[in-house]
1. May I ask you to report, in nm to one decimal and beginning with the shortest, the distances from B:Asp166 to the same position in the other copies, taking label points 7 Å along Cα-to-Cβ?
2. To confirm my reading of the symmetry, which residue of chain B has the Cβ nearest the axis that brings B onto A, and what whole-Å distance does it have?
3. Below 28 Å, Cα to Cα, which lysines can A:Lys165 reach? Residues fewer than 8 away in the same chain don't count.
4. If I model a spin label at A:Asn191 and A:Lys163 as a point 7 Å from the Cα along the Cα→Cβ vector, what separation in nanometres do I get?
5. Gap in Å between the Cα centre of segment A:1-39 and the Cα centre of segment A:130-154?
6. As an exercise, identify the chymotrypsin sites (Phe, Trp or Tyr not before Pro) in segment B:117-217 lying in DSSP coil whose Cβ has no more than 11 other Cβ atoms within 10 Å.
7. Quick one: label points 7 angstrom along Cα→Cβ at A:Asn30, distances to the other copies in nm, smallest first?
8. Amide H of B:Lys130 versus every other amide H placed in the peptide plane: which residues, excluding those fewer than 5 positions away on the same chain, fall under 5 Å?
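Please treat every number below as a calculation from the coordinates, not as lab data. All of these numbers come straight from a predicted model, not from anything done at the bench. Here Cβ is always computed from backbone atoms with ideal geometry, including for glycine, and neighbour counts include all displayed protein chains.
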Number of protein chains: 2
Amino acid sequence: MSSRKVVELFYDVVSPYSWLGFEVMCRYRNVWNIDLKLRPAFLGGIMQGSGNKPPGVVPNKFKYMGHDLRRLSEYFDVPMQMPANPFEAMFEKGSLPAMRFVTAVQEKEGDIKMEKVSRELWKRIWNEDKDITQPASLSEAAAKAGLSDSEIKEALAAYTSQKVKDKLKTSTQDALALGAFGFPMLVCHVNGKPQMFFGSDRFELMAHCIGEQWLGPKPDKAASKL
Amino acid sequence: MSSRKVVELFYDVVSPYSWLGFEVMCRYRNVWNIDLKLRPAFLGGIMQGSGNKPPGVVPNKFKYMGHDLRRLSEYFDVPMQMPANPFEAMFEKGSLPAMRFVTAVQEKEGDIKMEKVSRELWKRIWNEDKDITQPASLSEAAAKAGLSDSEIKEALAAYTSQKVKDKLKTSTQDALALGAFGFPMLVCHVNGKPQMFFGSDRFELMAHCIGEQWLGPKPDKAASKL
């Protein structure tokens, strides 16, 4: 176990490219000799803290993003659908309550349930075009993720607490300190040195840097072909 | 020949990611069943026309770009070195004379010499930290690319002509009309429909879309391993 390389994935469920990165890394943690650490954080804080601007402000870039996500979601086999009003979903409504809720689930129920809740939140915003800001929306996602009524109640009681707010803030600050300017951000700890990879398009390079092999976004299918 | 898919590569020698894309596509035109069309264009015009901002304005993004380029240039086997003052090289001095010269070489001497001159200009700015704006710099690059004295003289006489200026402008406008907001931009013509891929990190996806196989950035070495 001690030879496993630690790979941190910083993500926010408001970010569609984070969903791609999340699913790929969840597949590869069973293929590569890595210890994957999921780090929910707040993308709004990253954009503000780094002075970065979202891609939506350049019309050609925004239009491309739609094509790019459609092609990538098919190739990566991640069931993505653009919401009717992506601007509203991403920038007006945002993800602060959702990411606090994810953090509360991690705090109270652990990483496995947090992972499932994250996926259900992505499905809501990036497939079903549903809200992820209201308590009822968060409960619904948690129920689909398999949390019991009492677990959901506990997470809902905790997600507005100072402790959870601070935990999310710390995670966001950790990401900024490591050089984040957007999500997903992958940080590989190789020989005690963090190596940062931004986006969902550096897996092949990352594999090369950590001494593993990239088998495409669906390694199980690739492996069965070998 | 008629079954070959046309792939256009829009590039500017001021862009390091364009250099990566250029070398990879020059390797793959011998591996994939494609007809590669090199389209020199002016990145400054793309940024202005699309309203995009260069990555250099966000400190974390700029810092990352340095790491990313160092890792990618090693992995792609493209001999890149960051200039001492990348801001000055990229944004203050810029590439308008260089891209007009490349366009003049294409006009007068054809695509093969244009390709070689482009590569020598990239080497100057992105490896040797040398100027690419002065006539003497352009001559030197052209001489290294194997152009004769008379060919260089001809290109230098043509690169400030209205015809060459207009040709570069048309190419830049073509890129904008296809949805460009930066370079490199690859446009694959599949069943009469253009499919656009931005950057040097969509080759695997692009291969999937045109029915070819991605063998990594050095296909010759990969092929000899099979």
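1. With the label placed 7 Å along Cα→Cβ, B:Asp166 yields 7.0 nm.
2. Whole-Å result, nearest residue of chain B to the axis: B:Asp201, 2.
3. Candidates past the 8-residue exclusion: A:Lys37, A:Lys53, A:Lys93, A:Lys108, A:Lys113, A:Lys116, A:Lys123, A:Lys130, A:Lys144, A:Lys153, B:Lys61.
4. Label at A:Asn191, label at A:Lys163, 4.1 nm between them.
5. Distance between centres, Cα-based: 23 Å.
6. Working: sites: B:Trp122, B:Trp126, B:Tyr159, B:Phe181, B:Phe197, B:Phe198, B:Phe203, B:Trp214; in loops: B:Tyr159, B:Phe181, B:Trp214.
Passing both the DSSP loop test and the Cβ count: no residue.
7. Ordered by increasing distance: 4.1 nm.
8. B:Ile125
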